[in-house]
Amino acid sequence: MTARFVLSRCFSRLTLKQSVFTVPSKYVNNLPMLLKTEGIQLSFARSFAETTSDEVSTNSNPEELIVDEKNASKMRNRAIPVETSMKYLKSKGYSTTYGGDPVWVRYRRNFKGQFAPRTRKTCIRQEKLATGNPCPICRDEYLILDYRNVELLKQFISPFNGAILPTEKTGLCQTKQRELLVAILKAKDYGLITFDVPIREYDYSDYHKS
Amino acid sequence: MATRAAMFTFSKFRYFPILKHRVAKFSVSSNLLNASALEPGYSRDPGEVFFKENVQTLLERLTGRDCDKVFHNRKLGERLEPPKYELLTQAEVDHVMAEMEVKLKRKLQMPPLLKERDPIKKIYSFNPELQGFDDSKYVFINISQGITNRNREVVVRDPNGVLREASWEERQRMCQIYFPVPGRKINVPKMFEEGNIQNCLDRDEFEFVLDRACAQFDPDDPEYISVTRKTYDFVDENTKYTSLRPTRHFGPMVLHLVLSKKMDNLLFHFINTKDIDAAANLVRLFHTVADDTSPTEVDEFQLIENYIQGPALKKPALELAWQSFLEIEKQRREVHSQQNNASN
């Protein structure tokens, strides 16, 4: 069975000697590698580490670029800056995807029975998604949990009592929940997120010797 | 010399060796904010004025009592319960109202306005024979029950052999470890650094900044004074008094403005919003602070007018506002008297 490959828009900038479109399925399972061409980082392209001798006759170029869109969307090795994430939250793409709801509202967990078990430890292993139903933050690579990204952090704070929502409600994996806690704590430390401070009571006799 | 034996005769002592790399932090923290905190520019020592009874009553009257704002729902991460409805007799209602008065007083207790504290310099003894006993200093604290944190003994043995009383920062840190104040962090939150406070103030989060400053610092801490005065001046410059009006911070803010001779903006605000009681109380406070006199005029209008003609600094704006207020008042009275005549 041959896997289907689709050329992406970025490839139009490349000059390829041979563009490969149909390749036997064994090459789909190669380890992904990053290729840099003309300053653009291609995270979704793979190259052959080794080719076997009987295939060489058809493709003599050892560094052919194979594009696999289904697995390309699972890559999570790009470090996206926070400012991009903050811009994304105001964009049209975000509002059409999520409506006006917090990002976890339209996420549905898969499990057997009535009561959900604990969420998984992590959705991302070895820089790619390792699950078919990743948590609300891992599935969208432009949602970055950072202390400056207050709009995103506030979606995980309860509007009724100011507590951080548990994973039973939001469906975040454990690593992302920990990152969220750290980011919220830091944002409160910097004063970017406000909260009700416990009232300090004074004994005036400490400060006024009459 | 305060020997080790003498120290162990105190009811309970714990020693807390502080590692060398943390020693440097104590000296840095006191100068986090800029040096303008050292010169408040007040006409009098605020500590003398703040605790006087007449000043306290005037400030309380200025603050008012907006129960909805004071008793607003606070989000503290607790489990929420549905509200309870009870059927009470008049006596029970009065009892509940009396309890509510007590709670209101507690919530509206004003944080004291004080001048900066002097650094602690007391040395108990100097034992050069102990030099180099360790790399770090040892801090000792008396954790017996029944003493307030202000009076608690905290002493430090430096590696050069000096036995001295702990500095204010060392005291606060030790007391926070053993007797934590809710809402206070051991390390000063980054919110109180220069750029970050401005960010909070630009978003109009005045109550949050002031509440957090109250929890984090003591009222005579130079950092507390710097943060609070910066907030008060910002509120004054942008005339955003309404957000702070029903809170416990309004009283100290008004006193700060009166002492630093910046009360005219506030008076202007009161006249524009037609709050003559508050304007009169403000003028009375001015006289109390300036020379301990309470003015003899009974009529509030006369009182305010005398102030505007006399000690006011922003005469043009105030006179204009006052004249337009008087006109509106005259028209209102005419309409009122016409209605009375018509009904008779």
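Apolar share of the accessible surface for the range B:263-344: 51 percent from carbon plus sulfur atoms, 1.4 Å probe. Among the listed pairs B:Lys121/B:Lys190; A:Lys70/A:Lys169; B:Lys121/B:Lys262, those with a Cα-Cα distance over 32 Å are B:Lys121/B:Lys262. In the range B:263-344, Cα pairs under 8 Å separated by at least six residues give a relative contact order of 32 percent.
What is the extension gain from B:Asp277 to B:Ser144, computed as 0.36 nm multiplied by their sequence separation minus the C-alpha to C-alpha distance, in nm to one decimal? It would help to have the intermediate numbers written out before the result.
Working: separation 133, 0.36 × 133 = 47.88 nm, distance 4.90 nm.
Stretched out fully, the B:Asp277 to B:Ser144 stretch lengthens by 43.0 nm.
A cut-off of 5 Å between modelled amide H atoms, ignoring neighbours fewer than 5 places along the same chain, links B:Val181 with no other residue. For the chain pair B and A, buried accessible area totals roughly 3000 Å², probe 1.4 Å, rounded to the nearest 100. Within straight-line reach of B:Lys122, meaning a Cα separation under 22 Å, sit the following lysines at least 8 residues removed in sequence or on another chain: A:Lys209, B:Lys12, B:Lys25, B:Lys137.
Karplus-based coupling profile of the range A:79-85, in residue order and whole Hz: 8, 8, x, 5, 4, 4, 4, with θ = phi - 60° in 6.51 cos²θ - 1.76 cosθ + 1.60 and x standing for Gly or Pro. When the surface is traced with a 1.4 Å probe over the full set of protein chains, A:Ile124 keeps roughly 50 Å² accessible.
Mind jotting down a quarter of the surface of the convex hull over the alpha carbons of the range B:263-344, in square nanometres, one decimal? Please report the intermediate quantities before stating the final value.
Details: hull surface 23.7 nm².
Averaged projected hull area, Cα only: 5.9 nm².
With 30 Å as the limit, the listed pairs B:Lys52/B:Lys240; A:Lys112/B:Lys75; A:Lys154/B:Lys107; B:Lys107/B:Lys274 have A:Lys112/B:Lys75 beyond it between alpha carbons. Take B:Arg171: with every protein chain present and a 1.4 Å probe, its accessible area is about 20 Å². Using Stokes-Einstein with the Kirkwood hydrodynamic radius over Cα pairs, what translational diffusion coefficient do you get for the range B:44-180 at 20 °C and a viscosity of 1.002 mPa s, in µm²/s rounded to a whole number? Approximately 105 µm²/s, per Stokes-Einstein. Under a 5 Å amide H cut-off, with hydrogens placed 1.01 Å from N, B:Arg203 pairs with nothing among residues at least 5 apart or on other chains.
Residues whose amide H falls under 5 Å from that of B:Val154, counting only those 5 or more places apart or on a different chain, are B:Ala166, with hydrogens built in the peptide plane. When +1 charges are put on Lys and Arg Cβ atoms and -1 charges on Asp and Glu Cβ atoms, the dipole computed for chain B relative to its Cα centre reaches about 1440 debye.
Extension gain, B:Leu104-B:Asn199: 0.36 nm per intervening residue step, less the Cα-Cα distance, totals 31.1 nm. Per-residue SASA remark: B:His72, around 80 Å² accessible (1.4 Å probe; ligands, DNA and RNA not included).
Sorting B:Met110, A:Met86 by solvent-accessible area of protein heavy atoms yields A:Met86, B:Met110, largest first, with a 1.4 Å probe. The residues of the range B:263-344 expose, per residue, 59 Å² of accessible area to a 1.4 Å probe.
Give me the 1.4 Å probe accessible area per residue for the range B:162-218, excluding ligands and nucleic acids, in Å². Mind showing how you got there, number by number?
Details: 2130 Å² over 57 residues.
Heavy-atom accessible area per residue stands at 37 Å².
Positive end of the dipole of the range B:263-344 (Cβ unit charges, origin at the Cα centre): among B:Pro295, B:Val335, B:Pro311, the Cα lying farthest that way belongs to B:Val335. Considering only B:Leu114, B:Asn142, B:Phe126, and ranking their Cα positions along the charge dipole of the range B:110-150 that arises from unit charges at the beta-carbon of Lys, Arg, Asp and Glu, the one farthest toward the positive end is B:Leu114.
The values are calculated or read from the model by the stated rules, or taken from the named source; none is laboratory data. Please read all numbers here as calculations on a predicted model, not as lab measurements. So basically every Cβ, Gly included, is an ideal-geometry build from the backbone, and we count neighbours across all protein chains shown. Areas reflect the complete protein model, heavy atoms only, side chains present, ligands, DNA and RNA absent. Shrake-Rupley method; radii C 1.70, N 1.55, O 1.52, S 1.80 Å.
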